[in-house]
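Below: one structure, written as structure tokens.
The values are calculated or read from the model by the stated rules, or taken from the named source; none is laboratory data. Predicted model only: the values in this text are computed from it and were never measured. Backbone-built Cβ (ideal geometry, glycine too); neighbour counts: all protein chains shown. The area values use the complete protein model at the heavy-atom level, side chains included, leaving out ligands, DNA and RNA. Shrake-Rupley method; radii C 1.70, N 1.55, O 1.52, S 1.80 Å.
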Amino acid sequence: AQLKGIFGIAVTDMEAALRFLQLLGIDPAAAWFRSIAPGRGPNSRRGGRDLHGFNPAELIKDIEAGESLYLVTGTAEQATGFNKTTGKPTGCVQDSDVTGCLALFCEWDDKPIQWQLDAWKQFHLPEPTIQDLTGGKSAHNWWVLDEPMGPAEWLLLQLRLIDLTGSDKQLQNPSRLMRLP
């Protein structure tokens, strides 16, 4: 994947992931990551637990194991998630763990990439702080906030953004996973 930041610079691999965290204003040591492999579920190498802190060696092992990497978009001190079926702890960040939201974001998997990159103009929005080309069929548009918002306040704005743009309606929880560049 490539990352087009505020300077329009494209970078790759773990350098892109670290630059992405910097642009979002996330302390790499405080970030939460989840890797998912089809048919194996989340974080199979860590027994299902989210990875706390940017650790390139661990993330590369996840990639080598065939897993896709995701960032938990909200900030959290803990990961108290549980399996809804079994009730057992998962070690994953859940919505109630999130204490702050750093950005608004949107994506449209059903639109051409160039349309997604230019959509902010059509909707009369400010230029996105970050546009992440996921390597798949979408470009994620991010607007980094000057100050983190509480989850309830953030949700109101995020829902308004989704309604205005027709963006993916799933992008409305504070512990949302978004693909890591």
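Annotations for the structure displayed:
- So T99, is it in contact (Cβ under 8 Å) with a residue 24 or more places away in the chain, closer than 30 Å to R49 by Cβ and buried (at least 17 other Cβ atoms within 10 Å of the Cβ): no
- Filter result (of a type outside the set (S, T, Y) and over 12 Å from A103 (Cα atoms)) within segment 154-170: L156, L159, R160, I162, D163, L164, G166, D168, K169, Q170
- Filter result for D168 (surrounded by 15 or more Cβ atoms within 10 Å (Cβ to Cβ) and out of contact with any strand residue (DSSP E or B) (no Cβ under 6 Å at 6 or more places or on another chain)): yes
- Condition met for R160 (open to solvent by 40 Å² or more (accessible area, probe 1.4 Å), among the charged types (D, E, K, R) and under 13 Å from the mean Cα position of the chain (by Cα)): no
- Restricting segment 11-53 to residues that are among the aromatic types (F, W, Y) and assigned to a strand (DSSP E or B), the residue that is least open to solvent (accessible area, probe 1.4 Å): F33
- Segment 126-152, subset among the aliphatic types (A, V, I, L, M) and in contact (Cβ under 8 Å) with a residue 24 or more places away in the chain, residue surrounded by the most Cβ atoms within 10 Å (Cβ to Cβ): A139
- Filter result (among the small types (G, A, S) and more than 19 Å from L21 (Cβ to Cβ)) within segment 44-53: S44, G47, G48
- Residue match in segment 76-84 (condition: surrounded by 21 or more Cβ atoms within 10 Å (Cβ to Cβ), part of a strand (DSSP E or B) and of a type outside the set (S, T, N, Q)): yes
- Within segment 54-72, if we keep just the residues that are within 17 Å of the chain's Cα centre (by Cα) and farther than 19 Å from Q22 by Cα, the residue that is surrounded by the most Cβ atoms within 10 Å (Cβ to Cβ) turns out to be D62.
- In segment 68-79, the condition of being out of contact with any Leu (no Cβ under 8 Å at 6 or more places or on another chain) and within 23 Å of E15 (Cβ to Cβ) is met by at least one residue.
- Residue list for segment 111-125, restricted to those being open to solvent by 30 Å² or more (accessible area, probe 1.4 Å) and touching an Asp or Glu at 6+ places or on another chain (Cβ under 9 Å): W120, K121
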